[in-house]
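Beneath this line is the structure, given in structure tokens, with notes to follow.
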Amino acid sequence: ANIRMKGDSLPCGGYVNAISYKSMTLTANRFYAVPFWVDGQMNVTHIGIQTGVGAAGVTHDIVGGIYKYTYSDDSWTKVVQVGPFTQDVDGKQSIALSSTETLTQGIYFVGLHADGAQTKVTGYWAQYLQNITPGFQGGSQNRNAYFYFVDQTYNATMPSSFASGDLAPYEYTGAVAASCYLTLA
């Protein structure tokens, strides 16, 4: 069930190539980060977002990117970023990377940053995040996962790195996390 094919997107819902949930409200000037790991390598061609029905499209500048964790100095270094995404687009949109990005084995996060409050942008239920985030089974249906966030003034150029202590972890059960999605090569 965890094998991913060309054109699949991550995160995805129910082990299928689909965006699973879209009703998260982004706070202005807050950087959101959802961790995932790569075992071996993963090739990424696009970074995308989705807004929900009736969301009036993308109403603010939003950028997205991928960061990799560096154990030796306990930090996250930017790998690639895209954006801002096109405003007034309702539904799914993605931005192609200038070339396919190969993510080698390691821990990553996909980050999302907006300059204003954005309603109904792509969010993911905890159980769908279980495929890509470290977590633990809790009860018969519930699964725990987490994402990071930090309040930071918007800039179209995402920071080149974050110290781990700069990011506040948010643990949750049955809630949603705002996230871009990645399209695989």
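No lab work stands behind these numbers, since they all come straight from the coordinates. Computed from a predicted model, the values in this text were never measured in an experiment. Quick reminder, even Gly has a Cβ in these numbers, built from the backbone with ideal geometry, and neighbours come from all protein chains shown.
General remarks:
- Taking θ as phi - 60° and the Karplus parameters 6.51, -1.76 and 1.60, the scalar couplings of region 153-167 work out to 4, 4, 8, 4, 9, 5, x, 6, 7, 10, 6, 4, x, 6, 9 Hz in sequence order, x denoting glycine and proline.
- For Lys120, distant residues with modelled amide H under 5 Å away: Met24, Thr25, Leu26
- Rounded to whole numbers, the Karplus 3J(HN,Hα) couplings from phi for region 107-116 are 9, 10, 9, 9, x, 9, 9, 10, 8, x Hz, using 6.51 cos²θ - 1.76 cosθ + 1.60 with θ = phi - 60°, and x at Gly and Pro.
- Between Asp88 and Thr25, full extension at 0.36 nm per residue minus the direct alpha carbon distance yields a gain of 21.1 nm.
- Label point distance in nm, Asp39-Tyr71, each placed 7 Å from Cα along Cα→Cβ: 1.6
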